[in-house]
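To start, the structure under review is shown below, and the notes come after it.
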Amino acid sequence: MSNSPRLKFVVENDSFLRLIHVVLDPTAPEERIEAFAHFCKHDLPDFRGWCEQVRSKASGLHPVDVRLVDDQFELLKNLPDACVAVVEELTVGPEEIAAAGSALKFVQKYGFTTRNIDRRACERAGVQVRTIRRRANISTAEQALTLMLALARQLTQNANLISVEQLKSAGYEPTTYQRSHTPNGNWARIPGMVTLYGRQLGIVGLGEIGRELALRAIALGMRIVYSQRTRLPADVEQQYQATHCSLDELLATSDCVSLHLPRGPATVNFIGQRELSVIKSGAFLINVAQPNLVDREALRQSLASGHLGGYGLDTFYEEPGSADDPLIQFPNVIVTPHLGGSPRWNSLDDIEEVIVNLSRHLAE
């Protein structure tokens, strides 16, 4: 491929997909390269070295003319003569395939669900569809599960409380059991512990991250229901052992509710005062998607009343937030500083896999 004319990739302008531009296109601005080096520094001190390593693994692919596109119009405009289209949310159908012409060989989905790609149209045109199970999505699902478990086991409230003095200071009444008659479990007398086994998990939005969470909840022996605008095919529901229901039914019956909806005007305050009044008393609410999915004041009121059993959030309303914010004063609230997709290697390895695999397939 090194002696061939420069290849052309059209890539959706996602914040991580920009790495394809940085690695493969020599016209990528220095400012962007430096920004990614700064972004990755705590996990990857030598970002430029990583870029070179990926180029060497994708032997013969570099340089590539990488066109970053923001919307469907720009995708259509830039597709002519492109051999690869990389998309996350943008649609690829007959119109896009026709615009690309015979040069298009691969459509790479940045993920594993292909609802936005017309696979039959691609097959008719001889265009292969590639997918990737994103490590960053798996990590985000792990973060959701971590928050659920931490709330259920009251982990942040009770970690490192091992002395009688500490436990009494925390408001508990530790005791000594008669070991000749009883076990010694929970001698600290911490009430309200929850086991997730046998509980119901309600997933709002059974997309890629929601499905990764479902797989892990199945392993814990949880029952799973989900709610979204379009019901999934029966075989997908069976794979994830998930039953479709209305949002209100999900809220009213689930012991844990996990939100997995995209950012946008339609989802701002998706969970508000009405929804929080419907939610099952004592339920845990988990949000590893976007903070503004949940109305901030309605959330505070539900926590203050004791109706909501706990809230786990990854990514606060402001970044950085304030140490005296009212929400984090509740003992049953856990907020983490946007850690869901971390470490950086998750997304770096995702992008490397995409680039190297495309290199191999184009060389065939």
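Of all the residues in region 95-129, those that are open to solvent by 70 Å² or more (accessible area, probe 1.4 Å) and touching a strand residue (DSSP E or B) at 6+ places or on another chain (Cβ under 9 Å) number 4.
Looking only at region 143-170, which residues are in a loop (DSSP other than H, G, I, E, B) and either open to solvent by 60 Å² or more (accessible area, probe 1.4 Å) or polar (S, T, N, Q) (or both)? I'd like the intermediate steps shown before the answer.
Looking only at region 143-170, we keep the residues that are in a loop (DSSP other than H, G, I, E, B), and these are 153-154, 159-163, 170.
Within region 143-170, Arg153, Gln154, Asn160, Ile162, Ser163 qualify.
Taking the conditions (1) surrounded by fewer than 17 Cβ atoms within 10 Å (Cβ to Cβ); (2) in a strand (DSSP E or B); (3) among the hydrophobic types (A, V, I, L, M, F, W, C) in turn, Leu313 satisfies each one other than (1). Evaluating Lys168 against the criteria (1) closer than 30 Å to Asp248 by Cβ; (2) basic (Lys, Arg); (3) touching a Pro at 6+ places or on another chain (Cβ under 9 Å) leaves one unmet condition, (1). All conditions in (1) hydrophobic (A, V, I, L, M, F, W, C); (2) modelled with pLDDT of 95 or more; (3) not in a loop (DSSP other than H, G, I, E, B) hold for Ala266, with the sole exception of (2). Residue count for region 196-217, restricted to those that are of a type outside the set (A, V, I, L, M, F, W, C), open to solvent by less than 80 Å² (accessible area, probe 1.4 Å) and part of a loop (DSSP other than H, G, I, E, B): 3.
Can you tell me which residue is most open to solvent (accessible area, probe 1.4 Å) among those in region 72-94 that are farther than 19 Å from Ile351 by Cβ and in a loop (DSSP other than H, G, I, E, B)?
Taking region 72-94 first, the residues farther than 19 Å from Ile351 by Cβ are 72-81, 91-94.
Now drop any that are not in a loop (DSSP other than H, G, I, E, B), which leaves 79-81, 91, 93.
Working: Leu79: 4, Pro80: 50, Asp81: 119, Thr91: 65, Gly93: 5 Å².
The residue in question is Asp81.
Within the option set Ser347, Ser342, Ser302, Ser322, being open to solvent by 50 Å² or more (accessible area, probe 1.4 Å) and among the hydroxyl-bearing types (Ser, Thr, Tyr) holds for one residue only, Ser322.
Scanning region 38-71 for residues that are touching a residue at least 24 places away in the same chain (Cβ under 8 Å) and either in a helix (DSSP H, G or I) or among the aromatic types (Phe, Trp, Tyr) (or both) yields a total of 7. Look at (1) modelled with pLDDT of 95 or more; (2) in a helix (DSSP H, G or I) and you find that Lys280 fails only one, number (2).
Out of all the residues in region 277-295, which are within 28 Å of Gly192 (Cα to Cα), open to solvent by 10 Å² or more (accessible area, probe 1.4 Å) and without any contact (Cβ under 8 Å) to a residue 40 or more places away in the chain?
Ser277, Val278, Lys280, Ser281, Gly282, Pro291, Asp295, listed by residue number.
Only a single criterion out of (1) over 26 Å from Glu275 (Cβ atoms); (2) in contact (Cβ under 8 Å) with a residue 12 or more places away in the chain is not satisfied by Pro191, namely (2).
The values are calculated or read from the model by the stated rules, or taken from the named source; none is laboratory data. Only a predicted model underlies this, so the values are computations on that prediction, with no experimental measurement involved. Methodologically, a virtual Cβ is constructed for each residue, glycine included, from the backbone with ideal geometry; neighbour enumeration extends over all protein chains shown. Areas reflect the complete protein model, heavy atoms only, side chains present, ligands, DNA and RNA absent. Shrake-Rupley method; radii C 1.70, N 1.55, O 1.52, S 1.80 Å.
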